[in-house]
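Beneath this line is the structure, given in structure tokens, with notes to follow.
Just so it is clear, none of the values below were taken in a lab; they were calculated from the coordinates. These figures come from a predicted structure and were not determined experimentally. Note that we place each Cβ from the backbone using ideal geometry, even for glycine, and neighbour counts take in every protein chain shown.
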Amino acid sequence: MSREYRDVLVRIEGSGAGYEVSLHHFPLPQDGSLSPIVCAYTSLPGTEARRLKKLLGDMTGTLPSKDQLQDAGKLLRKLLWPDTVCTTFCGLLERTEQEGQHLHLRLLVEAEDGQVYPWEAMCIEDEEGDTFLMLDDVFSLTRLLPGEAPLVPLRGLWGFPHRGC
């Protein structure tokens, strides 16, 4: 049975001081224009930015614990999903699920310091608590990165409970 996917693009630009996060329909128009569905500016407060940096340092080169992944995932959710982007994305995800489709998120991280973040560990809060977004059976993610892949191994993530199975 083949799955039908609705594609969206999230583009992250900027630096650790602040990011512009925009959500776009995909594929992009023939003229290559990037007119977003929604766009917002975001940054992590200094204490959270330092906490994320420490977490990533602690996880590099090791298999992280579920708690480490959830902590990093919550911080990445704050960074990637400012309220306006989150509300729009969650509406798309819900509508896609109601239509019997799946949502394919294409993540374009142009912000150089954000390219090594383990975006696949991003957590969302729902009625069941914190859920790793990648373990939702109606969602998939593709990185469109101009640079390096994350340094944090995520193979242990599949042993955790998740929605849809």
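Mind checking which residues of segment 40-75 are surrounded by fewer than 17 Cβ atoms within 10 Å (Cβ to Cβ), closer than 25 Å to residue 10 by Cα and free of Cβ contacts under 8 Å to residues at least 40 places away in the same chain?
Scanning segment 40-75 gives 43, 45, 46, 48, 49, 50, 51, 53.
Please specify each residue of segment 65-104 satisfying the condition of being outside any helix (DSSP H, G or I) and within 19 Å of residue 44 (Cβ to Cβ).
Hits for segment 65-104 are 81, 82.
Taking the condition surrounded by 15 or more Cβ atoms within 10 Å (Cβ to Cβ), outside any helix (DSSP H, G or I) and out of contact with any Pro (no Cβ under 7 Å at 6 or more places or on another chain), does residue 21 pass?
Answer is no for this residue.
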